[in-house]
Every structure is written in structure tokens, then in C-alpha cells.
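Heads up, the thing below is written out as C-alpha cells.
All of the numbers you see were taken from the coordinates with simple rules; none came from a lab. It should be emphasised that the depicted structure is a prediction, and the values quoted were computed from it without experimental measurement. All Cβ positions, even for glycine, are placed from backbone atoms using ideal geometry, and neighbour counts span all protein chains on display.
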């Protein structure tokens with residue numbers, strides 16, 4: 001049996017066991033979960049807050065149950081650093097001992113990138129295959145390059161600036177968290193591996209262009225995670241390696257993150273399903 005199949009089985013078991021275990025007392029304290037849809041577990045039952053689509057099976061709930069934390073979860077789908085600051089930050093108080101924060105994707109425009117890049121083939125818009133794939137283009141080198149990596153061509157020059165602006169906002173948010181909870185440990189939760197190392201795996205499975213696979217993986221998700229990892233005075237928790245072999249282009253039973261459709265479990269398009277959240281929680285229990 002391949003390792004990734006073994007990991008899938010572990011995640012499935014964890015998804016059932018982490019929700020029913022007896023909370024431990026060793027790490028009892030106040031834990032506040034902040035962040036966007038990747039932290040909230042959007043689309044995964046049971047939904048506790050419909051406007052935010054916050055699930056009671058996201059990694060924060062599963063981790064808190066295992067470690068005995070008193071959880072305040074204010075994660076919310078669509079959150080940006082600004083909305084975390086205005087709407088979620090008040091949940092952090094002087095007696096908070098742990099804060100997890102998963103944010104930044106919406107600040108760099110990840111939702112628009114998914115629409116224009118990964119969904120281009122199904123929507124028939126953006127820089128997808130479109131008329132170029134049907135042979136109506138001139139066949140010039142420029143046209144071929146747009147087919148191979150249309151989204152990179154469209155957004156590549158903007159991404160370093162977006163990441164820089166996001167880093168500056170994040171630094172201000174982290175300073176505010178430290179002011180409100182001076183004793184809290186701040187854990188920045190990184191984004192998972194959404195697309196594979198081998199772009200050819202996506203052929204026939206997801207309508208993302210080959211050149212865009214590498215760019216999104218390395219410059220968008222990779223750039224965002226590098227920025228999160230570099231924040232001083234925080235602990236960085238990586239989910240990226242955890243999702244190796246479980247991205248949107250894997251066989252359906254191995255996917256921990258959904259693609260253009262939700263084929264394995266629950267959740268939203270291009271978001272982790274319940275198996276991804278369970279595996280993340282299990283890794284948090286083991287390493288934090």
C-alpha cells in the first residue's frame with residue numbers, strides 16, 4: 001500500500017476519533033482561533049456560524065478537544081487581515097494562552113486567482129484554454145505562452161507587491177495580538193499543498209494550465225507560506241508537507257483538499273475537506 005493511502009486511512013480514523021475523545025487537562029488554558037476559510041473549515045458539517053461557514057470539525061476544534069483547551073473560535077470564511085483585526089481580534093484577551101492564526105490568502109487575492117486560473121477551464125473565462133485550445137489563435141510564441149501559463153502572465157508581476165503589502169499588515173496584527181495577550185503563544189498556520197509537484201497529474205482532473213500549476217504552487221502558496229514563516233516572535237506550523245500526495249489533482253480517495261468539485265467528503269472548492277482538517281489537528285497535537 002502506498003504511503004499516501006496509509007495517510008488517508010489515518011486521517012479518516014482521526015476524523016472520527018478526534019471529535020469523540022475525552023478532553024485532556026494537561027494544556028488547559030484559553031485558546032483563540034483566528035483566520036479565514038482555510039481555518040474555519042467552510043462547508044464541513046456541522047456549521048456553527050452560517051455567515052462564516054465555521055465548522056465544529058475544523059482543526060481548531062479537534063485540536064482543542066484533544067489538548068483540553070477552552071476554545072474561542074472566531075475564524076470566518078472570506079476573512080482578510082483587516083477583518084481579523086476589526087472583527088476577530090476582540091476575542092483575544094489578557095488571559096489567552098494560545099492563538100492560532102491562518103490568514104493572508106484573501107489579502108493576496110487568492111479567490112480571484114482560483115477563479116481566473118484553476119477554474120478557467122470550466123468557466124470558459126480568464127486565461128484558460130478557450131479559443132487557443134481550439135486552434136483559432138495564430139500559434140505565435142506569445143499565444144502558446146499564454147496557454148501554458150496564462151495566470152502567471154496575468155498576475156506574476158503583481159504578486160511580490162501583494163505579498164509585501166500583506167506582510168506589513170500582518171506585522172501590525174501580530175503586534176496588536178501581543179499587546180492584548182502578552183503571554184500568549186502565537187502560531188501562524190500555513191496553507192496546504194493545493195497543487196502537485198508534477199503538473200501532468202492535473203490533466204483530465206483539474207482544468208488548471210500546466211505552467212500555472214508550478215507558479216501557483218511555488219510563487220503564490222509558497223510565497224505566502226514563506227512570508228508567514230518569516231514573522232518574528234511566532235511559531236510557524238506548516239501544513240504544506242502534510243498534504244503531499246493529497247492535493248486537488250490526486251485520485252479522489254486521496255484528496256484532502258477539494259478541486260473544482262467536492263468529490264471526497266465535504267468542504268468548499270479548493271479548500272481542505274474534513275480529512276485535511278483532521279490530519280492537521282493530529283499533527284498539531286503531535287508537534288505543538
Q: Determine the gain in length on full extension of the stretch residue 172-residue 226; use 0.36 nm per residue of separation and subtract their C-alpha separation, reporting nm with one decimal.
A: 17.7 nm
Q) Going by how many other beta carbons lie within 10 Å of each one, how would you line up 239, 226, fewest first? A) 226, 239
Q: At 7 Å along the Cα-to-beta-carbon direction for both residue 200 and residue 165, put a label point, then send me their distance in nm to one decimal.
A: 3.9 nm
